[in-house]
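Reading through the structure tokens given below for one structure.
The values are calculated or read from the model by the stated rules, or taken from the named source; none is laboratory data. Being a predicted model, the structure only gives us computed values, none of them experimental. In this analysis, Cβ positions are derived from the backbone assuming ideal geometry, glycine residues included, and neighbour counts consider all displayed protein chains.
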Amino acid sequence: MTDWFHETLHPSVRQSLRIDKVIYEGRSRHQDILIFENEYLGRVLVLDGIVQTTEADEFYYHEMLGHVPIVGHGAVKSVLIVGGGDGGLLEEVLKHPVDRVVLVDIDGEVVRLCREHLPSICGGAFEDPRTELVIGNGIDFVRETELRFDVIIVDSTDPVGPGRMLFDEAFYASCRCVLNVGGVIVTQNGVPFFQGSELTQTHRHFSHLFRRSGFFLAPVPTYAGGHMAFGWASELIDLSAMDIETLRLRLDAHRFDSRYYNADVHISAFAVPPCTRALMS
Ligand code: SAM
């Protein structure tokens with residue numbers, strides 16, 4: 001009999017993926033972890049019943065979450081990733097000439113299992129000498145660290161389970177304190193069609209804490225419901241004001257391979273349609 005995984009993210013709409021082979025199924029101290037194979041998507045990582053990433057489409061999400069703030073900032077040396085235990089974002093960030101990337105994930109099991117079973121997503125990112133892996137709660141880390149960062153990227157689970165507090169204003173306020181002058185924070189804010197309140201809430205928190213903030217959009221095929229929203233905020237930099245000539249110059253000065261991201265995609269990602277903009281009011 002064919003087995004199907006039914007994602008339980010939304011109460012009235014379900015996404016189902018065929019399970020061709022279970023690679024791992026278990027529970028860590030923090031969450032249920034499932035890794036399975038699907039003929040079309042390759043290996044799929046699921047935490048607490050919600051699809052996190054798949055081999056087939058991870059690049060849409062990880063490239064946009066990593067390259068947009070780093071290229072938009074223009075002189076990034078230090079990056080903090082909160083969450084991101086699959087290592088896919090880390091791999092993209094390390095394509096830039098950064099000195100240090102600290103990745104703080106609450107769940108060492110996710111990191112261990114992804115390194116073992118999803119090496120195509122993290123590549124050699126965890127072995128890179130610029131990577132510092134911290135297993136711990138991102139909330140505590142930003143509250144206690146004396147390090148400072150040019151870019152903070154919150155690659156969290158949805159606001160349920162251990163990721164819930166990563167959407168609170170108190171967490172963003174702590175992040176603000178550990179950003180260098182001109183630093184930028186970027187967050188994943190779900191798919192506005194289904195998770196509009198996430199965008200509204202983050203927008204409210206960012207507008208309280210930062211002088212500049214907004215959202216950019218990208219499709220992520222296995223996050224059902226259309227475009228996904230990424231929040232950004234900064235005291236100094238207006239990430240949405242980047243012009244195409246500056247962007248092309250930056251990308252010419254530092255070339256890296258990508259499958260979804262390029263200069264045109266970067267600029268167009270900041271075109272926010274009225275139905276999404278309405279969630280910011
Ligand atoms: N791309 C994914 C998405 O949008 O759903 C996120 C993937 S990544 C695997 C999410 C990671 O956030 C998980 O590894 C989880 O352990 C981590 N995480 C959740 N809550 C956390 C917290 N409070 N501090 C640090 N990491 C956390």
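Identify the residue in segment 12-23 that is within 16 Å of the ligand (Cβ to nearest atom) and more than 10 Å from residue 46 (Cβ to Cβ) and, among all such residues, is nearest to the chain's Cα centre (by Cα).
Across segment 12-23, the extreme among qualifying residues is 15.
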**Study point:** Some residue of segment 40-61 being of a type in the set (A, V, I, L, M), within 21 Å of residue 141 (Cβ to Cβ) and assigned by TED's automatic domain parsing to the domain that holds residue 140
**Key:** no
Review point. Mind checking whether some residue in segment 199-210 is modelled with pLDDT of 95 or more, of a type in the set (A, V, I, L, M) and within 22 Å of residue 7 (Cβ to Cβ)?
Key: yes
Practice item. Spot the failing condition for residue 205; the list is (1) touching a strand residue (DSSP E or B) at 6+ places or on another chain (Cβ under 9 Å); (2) within 12 Å of the ligand (Cβ to nearest atom); (3) outside any loop (DSSP other than H, G, I, E, B), and only one is missed. Key: (2)
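Among the strands (runs of 3 or more DSSP E) confined wholly to segment 45-144, which include 2 or more residues that are within 8 Å of the ligand (Cβ to nearest atom)? It would help to see each step written out before you state the result.
Values: elements: 50-54, 78-83, 100-105, 131-135.
Result: 50-54, 78-83, 100-105.
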Review point. Among all residue pairs at least 6 apart or on different chains, which show Cβ distances below 8 Å where the first residue, located in segment 1-28, is of a type in the set (Lys, Arg) and the second is part of a strand (DSSP E or B) and buried (at least 16 other Cβ atoms within 10 Å of the Cβ)?
Key: 14/7; 18/5; 18/38; 21/36; 21/37; 27/33
Point to revise | Lone unmet requirement of (1) within 30 Å of residue 212 (Cβ to Cβ); (2) surrounded by 15 or more Cβ atoms within 10 Å (Cβ to Cβ) for residue 43 | key: (1)
Exercise for review: Just need a number here: residues in segment 107-127 that are buried (at least 16 other Cβ atoms within 10 Å of the Cβ) and among the charged types (D, E, K, R).
Suggested key: 3
Review point. Residues 233, 218, 229: which one is part of a strand (DSSP E or B), touching a Ser or Thr at 6+ places or on another chain (Cβ under 6 Å) and among the hydrophobic types (A, V, I, L, M, F, W, C)?
Key: 233
Point to revise | Top-ranked residue of segment 145-164 - restricted to ones that are closer than 10 Å to residue 106 by Cβ and outside any loop (DSSP other than H, G, I, E, B), ranked as farthest from the ligand (Cβ to nearest atom) | key: 161
Point to revise | Given (1) of a type outside the set (Asp, Glu); (2) within 16 Å of the ligand (Cβ to nearest atom); (3) in contact with an Asp or Glu (Cβ under 9 Å, 6 or more places away or on another chain), index of the condition residue 181 fails | key: (2)
